[in-house]
Amino acid sequence: MTFQQLLLSIQAHWAGKGCVLQQPYDLEVGAGTMHPDTFFRVLGPEPWRVAFCQPSRRPCDGRYGENPMRVYKHYQFQVILKPAPLDVQDLYLDSLRAFGVDPLEHDIRFEEDNWESPTLGAAGVGWQVLMDGMEISQFTYFQQAGGFELSPISVELTYGLERICMFLNDIRSIFEIPWSDSVTYGEVRRREEVEHSAYSFREADVALFRGQFERWEAEAKRLLSRTVRAEGEERAAPLVVPAYEAALKCSHLFNVLDARGALSVTERAASIQRIRRLACRCAEAYLRQREEAGFPLLSGSDAGSRS
Amino acid sequence: MSAPLLIEIGCEEIPAGGIAGAAESLGRRIVAILDQAGLAHGDASAWGGSRRLAVRVEGVEERQADREETVLGPPARAAFAGDGSPTAAAVGFARKHGIPPACLVAVRTDKGEYSAFRRTVRGRSVGEVLGAGLEQAVGGMSFPKTMRWGEGAHRWVRPVHWIVALHGGEVLPLVLFGIEADRHSRGHRFLAPGAVRIADAGVYAAELERAFVLADPAARRGTLARQLAEAAAAESGEIVEDERLLEEVADLVEWPGVVTGRFAAEYLDLPREVLVATLRHHQKAFSVQRDGRLLPVFLAVANTDRDPAGHVRRGNEWVVGGRLEDARFFWGEDGKTELASRVARLDGIVYHEKLGTYREKAERVAGLAGALARQLGLPEEEKGAAERASLLCKADLLTGLVAEFPELQGVVGGLLLRREGVDERVAAAVYEHYRPRGPDDDPPATELGAVLSVADKLDAVASLLAVGERPTGSRDPFGLRRATAGIFRIACERSWGVSIGALWELSALATGGEQRSEIFAYLEQRLGDFLRERGFTLHEIDAVLQAGGGTAAAALPLGDVLARLEAVRAVRERADFRKLVELTKRASNILRQTAALIERSADAGWAPGAAIAAAGAARRLEETIGREEPAIRTAADRRAYAEVLDHLADFAEPVAAFFDEVLVVDPEDPQGTYQRHELLARLGSLLTRYFDIRELPGDADRRP
């Protein structure tokens, strides 16, 4: 099974389960959780189902295209089901069957792995899903996001598409994955891996990144504190999504500075906290906005959100 | 009618490590509900697997006995008219309870006469009793982490899917987590995905076994242990035992199977510790050895006993290969820099926000280790080695291997130093300075390792207590209790001549002057706890630590404490010794009485002696003291504590005779009383100098 066949089949599977088929977010992010269609949508009472593939950049994981398992950027497939249906484990296992995994021929286990994102003020309880001893998915019941206790509870399913594809093809290097019938993953991406690793570890202009971090943080704060004058009084009018995008930029700048070895331990912890504060304020502003709009997805929601 | 009661809570995969304990806790809670309701029952057994906790209680009564109850109404004066007919108040009361007013009678109570009626209250059934109490009992179970799911209405360790509740063959009408109980359990997630009908509470475990679930944690562990041994034997080897890993993997599977995987022999060049940790940490797999040498084989545990296409083996081999490659990469990289050159970078790692960095910690440890080495009388050169090891011991926190395997802290440092060819004593001390990591782990084997380990732990205990990080309840984030127990264990087992008073004085090097009395109190309290965990009773411990008027706890060399306790334990049940305990208590009671008398007579200028010489038993006692005192001192100096106690036991007979024949307090004879008091005081001081045997139960405590 080629990489693109896998992607098509997993998209089709979840589209068939009532998910909005989203596209990757067009900013540098470390995981699908940072996509606004995850981070924002899990807040508040409105139901939501979404699936998308998110190219995820993790500068620290870059290996110059030499490690068969680790890369600067990988493709994470992300599913959010809100509220988490009671049969979600079965739905997940059906998705594995959809791309040809027969659980009776494998050893599939759910091992405790509680997830936490300090930068997003988010935490969840769940498992890593192991197939024959290899982690292929994270399965998380979100309990908190943006500093808010969640209700209803969303479940996040993430798939490491490269690993699954390697598994299905019984190959041992990510770069040998057949992307399509004619080219390999390595032919599509290897050069980029080499360059991004060199850039993150050695070349990135630390002063530039530090300066950018400060400026995007200031921009996020400005957008969150924005007010407009209406009927003679100042009213809060934050621009929530642009503010969140500014916070995401900070997050990526931080990741590169971290890979570059430019952050001391205390500075590292302080930076994480600064990003978390922005994310939490964005979450709060988003919730207020939805509440003012009357939580529009609540009405007649069942048809749109349940299979 | 009584029948077994079965409750099973079916859920999504529970985290490994606490399933048996959680099932037992559920059992205790169910039994408590039955006991509180007065429902007779037999023994309880608990089962648990990754998708279930279950409890069966044998012989549970079907229903509480009916009971008579008197319901009080208005006072009799207000309830009955002069002719005894009910008043309006009485009629109203009767109507409220739906009984004819004629049923009301007058009853006498503590507060006077009241109108009342009697009724029979039907006993509640087991279903009703559990219906009222089970939800709260289950919801209140404690897990390291709980969660909400779905609409977020319930909180438990994982989402709950089914409830089985049977009394004999009857389904109990219970609702738990919004789910109605029935008789349908589930089998293995893949091997038997359908419902499993449980006809009767008695057949639970057998029915599940047919559905590929071994619900008994001990049976799963046993099966796994056998499968692992067989798989290792097939390779002409044996597994590297790891009880904690076995415990953990037994919780991960409901139908255990073992897969034998192989890796390239070149990885055997890795240090054994690193190889075993890689397999254990990342793959929860067991290593296999033959004649003490590892084989290029691992045993992984699966939740199935079949592998028809070989996927399970190949998948595990693939992951293990990648992990070993990583480990080899780190082992190679870490060796490119001398460990000593990493010490400066410890400046960048915070140990505790109020206690500075690991560099500062290492320097404190070096100070403590040096002082301890001197106290133990080690040669100056060994003291220097202990200090060098201290400064190096935290440097491996900056290696890739420790970042990957935090459980190898210390071990990695030792291995790297050994490879660099530094002084083997230093390498060994660094290697073992975290030991003992718990009660099941060995303490350091080398003297320098022991010194470094104690210095490191003493620094942690004293400096963290000094900044207010005292363990509370179940919270001990820095492992101070374990560290303190480790200190005592090393000192006791090496028969070191240091006391907790001496350790406390040393610890001032780590703390400056903060919280000194709290640190001493903590050491003293934990010493008692440590000795109790080693199986000594409170009486025995107090008899040793309270000797010499309560000064022994601080001053006794720790090595001596165990020797003394063992001696006490050996004699305390002997008849002569129990007798002596009794007599010593009696002597100290009399001494308390006579003390006041003596104070009044202190100026009288009485000479000791005359009254003693006159009476036979008193004389004999005095002679015994004169004879035994030097013998006891000599034996104590030789640390022959059993002998000390034997000598003490020799007092039983003369002391008994003294009390039988001699009147100690004689108001007619103050001088004689004073002299007998002096004799008893000498006796008392001798009998409690090395052991305060008054702390032991004597003959009197035996009588009903």
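The values are calculated or read from the model by the stated rules, or taken from the named source; none is laboratory data. On a predicted model such as this, the values are computed, not experimentally measured, just so you know. Note: ideal-geometry Cβ built from the backbone for every residue, glycine included; neighbour counts use all protein chains shown. Side chains included, ligands, DNA and RNA excluded: accessible areas come from the protein's heavy atoms. Shrake-Rupley method; radii C 1.70, N 1.55, O 1.52, S 1.80 Å.
Residues B:MET141, A:MET69, B:MET1, sorted by accessible area with the largest first, give B:MET1, A:MET69, B:MET141 [1.4 Å probe; ligands and nucleic acids excluded]. For the range B:424-465 versus the range B:506-579, the inter-centroid distance based on Cα atoms is 22 Å. 3J(HN,Hα) along the range A:282-298: 4, 4, 5, 5, 4, 4, 5, 4, 5, 5, 4, 7, x, 6, x, 6, 5 Hz, from the Karplus curve 6.51 cos²θ - 1.76 cosθ + 1.60 with θ = phi - 60°, whole Hz, x for Gly and Pro.
Computed over protein heavy atoms with a 1.4 angstrom probe, the accessible surface ordering of B:THR278, B:THR120, largest first, is B:THR120, B:THR278. In the protein assembly as shown, the calculated helix contribution to ellipticity at 222 nm averages -15000 deg cm²/dmol per residue, counting -39,500 (n - 2.57) for every DSSP H run with n ≥ 4. A Gaussian network model of chain A, with springs between Cα atoms under 10 Å, assigns the largest mean-square fluctuation among A:ASP87, A:ASP102, A:ASP26 to A:ASP87.
Ignoring lysines fewer than eight residues from B:LYS394 along the same chain, the ones with Cα atoms less than 25 angstrom from its Cα are B:LYS336, B:LYS354, B:LYS361, B:LYS383, B:LYS457.
Assuming a ≥ b ≥ c are the square roots of the Cα gyration tensor eigenvalues, decide whether the range B:67-121 counts as rounded (a/c under 1.5), prolate (otherwise, with a/b larger than b/c) or oblate. Before the final figure, lay out each step's value.
On the way: a/c = 2.04, a/b = 1.19, b/c = 1.72.
Verdict is oblate for the range B:67-121.
All other residues whose Cβ lies under 11 angstrom from that of B:VAL412 are scored, Lys and Arg at +1 and Asp and Glu at -1, for a net of -3. If you model the protein assembly as shown as an ellipsoid using its alpha carbon gyration tensor, with each semi-axis the square root of five times an eigenvalue, the axes come out at 61, 47, 31 Å, biggest first. Pairs of alpha carbons in the range B:102-181 separated by more than 14 Å make up 73% of all such pairs. Compute the distance from the alpha-carbon center of the range A:169-237 to that of the range B:632-679, in whole Å. About 87 Å separates the Cα centre of the range A:169-237 from the one of the range B:632-679. Comparing the range B:342-469 with the 2.2 N^0.38 Å rule of thumb, its C-alpha radius of gyration ratio is 0.99 (two decimals). The amide H of A:TRP115, built 1.01 Å from its N in the peptide plane, has A:GLY124, A:VAL125, A:GLY126 as neighbours under 5 Å, considering only residues 5 or more places off or on other chains. A cut-off of 5 Å between modelled amide H atoms, ignoring neighbours fewer than 5 places along the same chain, links A:SER151 with A:GLY44. The Rg/Rh ratio for the range B:217-334 is 0.96, where Rg is the radius of gyration of the alpha carbons and Rh is the Kirkwood radius. Each principal axis of the Cα atoms in the range B:275-337 has its own extent, and those three values, largest first, are 47, 27, 16 angstrom. For the range B:377-447, what class follows from the C-alpha gyration tensor (a ≥ b ≥ c being the square roots of its eigenvalues): rounded when a/c is under 1.5, otherwise prolate if a/b is larger than b/c, else oblate? Verdict is oblate for the range B:377-447. Evaluated at q = 0.06, 0.11, 0.14, 0.16 Å⁻¹, a Debye calculation over the C-alpha positions of chain A (equal weights, vacuum) places log10 I(q)/I(0) at -0.21, -0.73, -1.14, -1.40. Legend: residues B:LYS111, B:LYS336, B:LYS585, sorted from most to least accessible area (1.4 Å probe; ligands, DNA and RNA excluded), read B:LYS111, B:LYS336, B:LYS585.
As a fraction of the 1.4 Å probe accessible area of chain B, surface on carbon and sulfur atoms comes out at 49 percent.
How high is the relative contact order of the range B:308-385? Use alpha-carbon pairs under 8 Å, at least six apart in sequence, and give a whole percent.
Worked out over the range B:308-385, it gives 13 percent.
The orientation-averaged shadow of the Cα convex hull for the range A:205-298, equal to a quarter of the hull surface, comes to 7.4 nm². Taking every Cα-Cα distance in the range B:157-269 and sorting them into 10 Å bins starting at zero, the pair-distance distribution P(r) comes out as 12, 32, 29, 16, 9, 3, 0 percent.
Here the relative contact order of chain B, from alpha carbon pairs under 8 Å that lie six or more residues apart, stands at 7 percent. Our summary gives the range A:74-176 a relative contact order of 30 percent, counting only alpha carbon pairs under 8 angstrom and 6 or more residues apart.
Please report the buried accessible area for the interface of A with B, total over both chains, probe 1.4 Å, in Å² to the nearest 100.
3400 Å²
Taking amide H as placed 1.01 Å from N in the peptide plane, the amide H of B:ILE349 sits under 5 Å from that of B:TYR358, B:ARG359, each at least 5 places away or on another chain. Backbone geometry of the range B:444-450 corresponds, through the Karplus equation with coefficients 6.51, -1.76 and 1.60 at θ = phi - 60°, to 3J(HN,Hα) couplings of x, 8, 9, 5, 5, x, 5 Hz, x marking Gly and Pro. Here the Karplus curve 6.51 cos²θ - 1.76 cosθ + 1.60, taken at θ = phi - 60°, turns the phi angles of the range B:544-558 into couplings of 8, 6, 9, 4, x, x, x, 8, 5, 3, 6, 9, 5, x, 4 Hz, with x standing for Gly and Pro. Semi-axes of the equivalent ellipsoid of chain B are 54, 52, 24 Å, computed as sqrt(5λ) over the eigenvalues of the C-alpha gyration tensor in descending order. Other residues lying with their Cβ under 12 Å from the Cβ of B:GLN227 contribute a combined charge of +1, Lys and Arg counting +1, Asp and Glu -1. From the alpha carbon centroid of the range A:17-32 to that of the range B:68-137 is 68 Å.
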